[in-house]
Amino acid sequence: MTARPSDSVLLTVTGRDGPDTTARITGLLAEAGAELFDVEQGVLRGMLTLALWVRLPAAPPEVEPLLRALSELPRELGVTVDVRVVPAAVEPAGPEPLRYVVTAVGRALGMRDVHALTARLAAGGARVERITRLSETPLASVELHVTLPPDADPVALKGALLALSMESSTFDVALQRESLYRRGKRMVVMDMDSTLIRIEVIDELARAYGVHAEVAAITERAMHGEMDYDESLRQRVALLAGLDARVLHELAANLPLTEGAETLIRVLKRLGYRTAVISGGFSVAAEALQRRLGIDFAYSNALEVQDGKLTGRTVGTIVNARRKAELLELLAKQEGVLLEQVIAVGDGANDLLMLEKAGLGIAFRAKPRLREAADTSISAGGLDTILTLLGLTARELREVG
């Protein structure tokens with residue numbers, strides 16, 4: 001299409017990325033008096049894509065030299081220049097679209113994975129505006145900036161993306177509202193058992209004491225709603241009466257960390273985040289993890305010990321689902337952090353209120369009910385996947401060690 005003076009045009013430049021390619025093109029436009037509305041540039045494997053939305057100079061004598069100079073760029077710079085007149089109304093007038101960020105993280109993302117993701121987004125009414133690679137080689141994580149119409153249903157889209165990640169089982173997909181607070185998180189709060197560590201401490205203690213079957217039966221009853229968490233904890237702890245406390249301390253000294261836990265905590269600390277464990281587990285284990293990883297705060301249940309043996313009772317307020325949410329809120333207030341700036345991570349039903357309280361609630365290798373209720377979930381990757389959800393690239397992670 002022929003461009004005329006005062007036309008609004010989209011200039012798309014593709015080809016080899018030279019050291020002065022962008023400067024040459026913007027220089028030509030600036031000298032001609034073109035008005036700039038928008039600009040985006042990306043370089044992939046040394047190949048440049050530069051898009052400029054401009055209005056051509058109103059004076060006809062300036063337009064022809066400009067278009068002629070642009071037509072000579074392919075020979076001079078080894079690029080292709082496409083000039084298209086932009087319609088008067090590029091987007092329909094009306095309310096601003098809803099802006100979200102979709103993060104896909106896996107061991108490796110193939111073409112079928114990217115197609116499945118973009119097809120699911122399209123089916124949900126999402127329009128992809130930008131895709132950014134977060135990983136290095138191989139391609140393992142990407143961030144997609146998408147918009148949704150004001151009347152779209154983000155909850156339905158979240159469900160569709162969750163279903164996709166469960167179908168693939170090789171990568172996780174997270175949907176987050178794009179806002180200042182997405183990039184401004186300041187605190188990460190985690191459950192302990194089956195989240196920060198790979199085991200349930202009470203199960204291991206019961207196994208060592210020969211009462212695992214009895215403890216498991218109580219846990220099963222609680223999961224089916226036959227008793228509340230507090231009563232189930234009391235009954236399970238009662239079965240440990242007489243166990244040598246040394247068993248608890250030995251277990252706490254050798255807790256198996258979940259994949260990515262050390263990396264997550266180390267990077268968060270270097271970036272200035274506050275970290276906490278809020279657990280329905282036991283304080284000896286939680287405090288051992290706090291010392292081992294350098295976690296700032298640890299809250300959990302204390303087991304009563306007399307004469308070196310467990311009495312079968314806990315001491316103080318039980319850390320249940322409601323108490324977890326209360327502690328998160330109190331801790332955020334104490335540290336001067338908005339709830340929108342808090343990430344909460346857990347795997348069980350007693351983490352739900354805590355995840356709902358936080359600005360971003362992450363279900364980690366969790367049961368379906370929690371995955372559906374949480375803001376997002378991680379099933380395929382380790383805890384360090386959280387760093388990718390924060391938008392950190394592989395290069396940035398290298399910088400912080």
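The values are calculated or read from the model by the stated rules, or taken from the named source; none is laboratory data. Only a predicted model underlies this, so the values are computations on that prediction, with no experimental measurement involved. Here the Cβ positions follow ideal geometry from the backbone for every residue, glycine too, while neighbour counts run over all protein chains shown. In case anyone asks, the SASA skips ligands and DNA or RNA and just uses the protein heavy atoms, side chains included. Shrake-Rupley method; radii C 1.70, N 1.55, O 1.52, S 1.80 Å.
Numbers for the structure displayed
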read-out: Leu392 within 12 Å of the chain's Cα centre (by Cα), modelled with pLDDT under 95 and not in a strand (DSSP E or B); value: yes
read-out: Residue ID - surrounded by the most Cβ atoms within 10 Å (Cβ to Cβ), chosen from residues in the range 365-401 that are free of Cβ contacts under 8 Å to residues at least 24 places away in the same chain and within 19 Å of Ser141 (Cα to Cα); value: Glu396
read-out: Only one of Thr137, Thr170, Thr132, Thr103 that is open to solvent by 60 Å² or more (accessible area, probe 1.4 Å) and within 17 Å of the chain's Cα centre (by Cα); value: Thr170
read-out: The range 96-118 residues that are among the basic types (Lys, Arg), paired with ones that are part of a loop (DSSP other than H, G, I, E, B) and surrounded by fewer than 17 Cβ atoms within 10 Å (Cβ to Cβ) (beta carbon under 9 Å, 6 or more apart); value: Arg99/Glu178; Arg99/Ser179; Arg107/Pro138; Arg107/Thr170
read-out: Scope the range 338-364; condition of a type outside the set (Asp, Glu), surrounded by fewer than 18 Cβ atoms within 10 Å (Cβ to Cβ) and in contact (Cβ under 8 Å) with a residue 40 or more places away in the chain; matching residues; value: Leu338, Ala349
read-out: Out of Leu44, Leu36, sole residue that is modelled with pLDDT under 90 and open to solvent by 70 Å² or more (accessible area, probe 1.4 Å); value: Leu44
read-out: Residue count, the range 115-155 (criterion: part of a loop (DSSP other than H, G, I, E, B) and in contact with a strand residue (DSSP E or B) (Cβ under 7 Å, 6 or more places away or on another chain)); value: 8
read-out: Among residues of the range 314-337, those that are under 22 Å from the mean Cα position of the chain (by Cα), open to solvent by less than 60 Å² (accessible area, probe 1.4 Å) and under 30 Å from His224 (Cβ atoms), counted; value: 3
read-out: Residues located in the range 201-216, provided they are open to solvent by 30 Å² or more (accessible area, probe 1.4 Å) and either among the basic types (Lys, Arg) or at pLDDT 95 or above (or both); value: Asp203, Glu204, Arg207, Ala208, Tyr209, Gly210, His212, Ala213, Glu214
read-out: Criterion (farther than 22 Å from Gly381 by Cα and among the hydroxyl-bearing types (Ser, Thr, Tyr)) met by exactly one of Thr195, Thr219; value: Thr219
read-out: Pick from the range 218-234, criterion among the hydrophobic types (A, V, I, L, M, F, W, C), in a helix (DSSP H, G or I) and more than 17 Å from Gly312 (Cα to Cα), ranking: least open to solvent (accessible area, probe 1.4 Å); value: Ala222
read-out: Some residue of the range 279-291 being over 27 Å from Asp307 (Cα atoms) and at pLDDT 95 or above; value: no
read-out: Among (1) in a strand (DSSP E or B); (2) without any contact (Cβ under 8 Å) to a residue 60 or more places away in the chain, the one test that Gly280 misses; value: (2)
read-out: Count of the range 294-313 residues which are without any contact (Cβ under 8 Å) to a residue 60 or more places away in the chain and either closer than 17 Å to Leu352 by Cβ or open to solvent by 40 Å² or more (accessible area, probe 1.4 Å) (or both); value: 5
